[in-house]
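Before any comments, here is the structure.
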Amino acid sequence: MAIEQVIQTLMRYEETLAELGKLQFRAHLAVPLMNDQTQESALLKRNNRLRFQYQQLRQQRTQLLTQITGDVYVRAKSQRLKIINQETPANQAKTATPQTQSEQLQDLLVALQNEKLDESNAVVNQILAYLLQQAPLAFKNAFKPRVAPVTELMASRQFKLDLMMLNYLDIYFTEDELKRYVIFLIYRYTQQTVDGVIFYNARTVLPNAEAVGFSAVAYRFILNGQGQCFISYKGTEGSMENPQVPSFRQRFDTYVRENYQDWKYNIDAMLIGHPHNDEQLQLARRFTRYLVRRMAKIDPATKIYALGHSLGGHFVQTLQLLDRPFDAGYTLNAAPIQLKQIKHYRPDLFDEQTWRQLFELTKADTQSPAIAQEMRQLVGPFDEIQNDWFVKDLTRIYFGFPYTFYIGTAQYLTTKNWDYPFIADITPYLDPTDLAFYSQFWGNLIHHLKRVENSNGSIMLAGLLTYGLQALRDAYNAIKTPEAKAIFNDFARYLCDAHIFNDSPVVVQAHFEKELSKPRTALEVLKGEWPFLSSVNNEMVETVIYCHTISGARYFK
């Protein structure tokens, strides 16, 4: 088969994957209908459309795979796509018993998750990038991007999202494939080729980066005679599917440790503002300063751009406020800046009066537009930093904690005609006492796990379970006090109203108040609370996480 035909087939296959991605997004939009009996008819119609579209796309995917041929490299990648396709039969999640509409939607969500769309897209793009390198003239004749070319890559949201997504997909790439892929991305969005890409990995430049969970990569190239360096800071999102690590135990250990390191920073450094667990920020500054020096040696006119998702977005904003190393930056669903961190590292950034004003303004909720405007006047506009948030993204919760804020512009994204019950503004539910309790709980957990944080994943999870059971037993001992009852009721009311738990606060309180006079072991406490714990709305939790990820958030406008 001619290379042009292979490229056209790959483009059709890529379009099928894109349609499956949109279908997954629409399926998640239907999740809020699952627990509303009055919406059964609407869910039935939605399910019928979604399942029909899914069957059609599955057939297209299977048919197109038979048409991909080529040299040894292309055949090997094509074989991987076939294996993924065979592992996800369309009806594998179907149960033997008659299903409710909610169960049908659950099965569809599982099937779409098992499609491994992210890995499939990575493999398709690896083939396309390879063909661009091997046969550039044939490639340019056959490959017709579906987006209008841009002259500045920072003007393309899709390019920025794809480059950030690479932080999570790099487990499927060799270093040479990464460089080829970036060249292909540049061509896709500019229809221009670059001669080469210089690749910098924080975990190579900084030997201790992996130990503390920090991850970032940078790509330097010349486009239209202008040197450009894109730095992409990774967020909090581990993976158990690293094909470069054959051992399940090794993958599990790495997954647990890296997620722990990220959440240790998220909670202890970013939310609470403690300086003793902020190694990731220190390494982010070191890596960025290293790149600034390198770019100055290569070409002082090089433009430096920063990208960040979730925790990575926090680094983009924090670094720009501390050191102003970037010509421009873009974040998606970014976690906030912590004012305590800024003062710890740059006490000279503002005078004492301004510091007092900043701490006063941010001591409570900073989501108010009026407060955001005042912060902008005191800190500066920083319009070179563009921030996109899904309007009810889970990171918006963080802005209810003291001394958190953002810099730059803010755009809040959503989709039309969608009733999404998750609540991202915690201030109507949780007062300062509640937030202090929350911070203390997680701070104590981090202290508890400190002694085992260098152990394997199983030992760390055992430590987490031990702490959780002890905390639950302590809650029983304290629940008789009015203060404890109020805190517990506040959290239960929020979790219920946000549709994270199906049990109401009254039911939750009743669980905790039964048989309080009897001494109980931690396991007995857990057994007694199973009705409450089992009321977790798993599909809603998964949807909240999905809407936070790049895979889900990219569809919001």
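Only the coordinates and a few stated rules stand behind these numbers; no lab work does. Everything numeric here is computed off the predicted structure, so don't read it as measured data. Neighbour counts run over all protein chains shown; Cβ positions are idealised from the backbone, glycine included.
So here's what we get for this one:
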| item | result |
| --- | --- |
| Backbone N under 20 Å from the Ser368 label point (7 Å along Cα→Cβ), restricted to the range 391-406 | 396-406 |
| For the range 146-412: span of alpha carbons on each principal axis (Å, largest first) | 51, 46, 37 |
| Dimensionless Rg ratio for the range 1-155, taking C-alpha atoms and the 2.2 N^0.38 Å reference | 1.23 |
| Which of Arg26, Arg51 has the fewest Cβ neighbours within 10 Å, and the rest in rising order | Arg26, Arg51 |
